[in-house]
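Below: one structure, written as structure tokens.
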Amino acid sequence: MEIGEPPMTKSTSSGGTGHCLCGAVRYRYEGEPVTIGLCQCDRCQRQSGSAFLIGVIFPRDAVTIEGKLATYETRLDGKNRLWRHFCPTCGSAVSITLDRYPEIRSMMGGTLDDKTKINPRFSVWSSAGQPWIRMPEGIACFEDYPEGTFGG
């Protein structure tokens, strides 16, 4: 399995919708995801409130968001900014954007209406993962964040 391969999805339809827990933020995406992956870094564990974050990556202009988003900005390495977008009403994480990869938008897997489209190809920062997590066969695991996974 190569990282650059198109993601495998369980649905053949193109496009779909999603929303936050309370429904105040809704979105529509056109086409299929560029890739789908998991992140087990400490920051993503904290944002997701779980052992990992599910990132469903689309071209930025393929996603249309309706409703107000609040944003938390951080710097990953002292220079590259990352924005975590969430619903200000219910707190649901909705998406991530990065200045390092301005052409993409990562939608949070749990917010998709059709979760059968979620079939991760890889997991990054497995070195920070919970020791009880065992990835299924077919998910490539990386100790850190190699180029060519989420954004490259």
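Here, each number is a calculation from the coordinates, and none is a lab measurement. Nothing here was measured: the structure is a model prediction, and the numbers come from that model. Glycine also receives a Cβ, built like all others from the backbone with ideal geometry; neighbour counts cover every protein chain displayed.
Report the one residue of W83, Y101, V63 whose Cα lies farthest in the direction of the positive end of the charge dipole of the stretch 1-150 (charges on C-beta: Lys and Arg +1, Asp and Glu -1; origin at the Cα centre).
W83
For Cα pairs less than 8 Å apart in space and 6+ apart in sequence, what is the mean separation divided by the residue count of the chain, i.e. the relative contact order in percent? Before the final figure, lay out each step's value.
Values: 333 pairs, mean separation 43.1, N = 152.
28 percent.
Give the order of W83, W125 when sorted by the count of other beta carbons within 10 angstrom, beginning with the fewest. Numbers along the way, then the final one.
Details: W83 14, W125 21.
Lowest count first: W83, W125.
Provide, in order from the shortest bin, the percent of all Cα-Cα pairs of the chain in each 5 Å bin, continuing until the bin that contains the maximum pair distance.
Binned Cα distances yield the sequence 2, 9, 19, 24, 22, 16, 7, 1, 0.
Using a Cα distance threshold of under 30 Å, what count of lysine pairs results for the chain when pairs must be 8 or more residues apart or interchain?
Details: K10/K115; K10/K117; K68/K79; K68/K115; K68/K117.
Lysine pairs meeting the criterion: 5.
Treating only the Cβ atoms of Lys and Arg (+1) and Asp and Glu (-1) as charged, compute the dipole magnitude of the chain about its Cα centre; round to the nearest 20 debye. Intermediate results must be reported in sequence, preceding the final value.
Working: 17 positive and 17 negative charges, 103 e Å.
The calculated dipole for the chain is roughly 500 debye.
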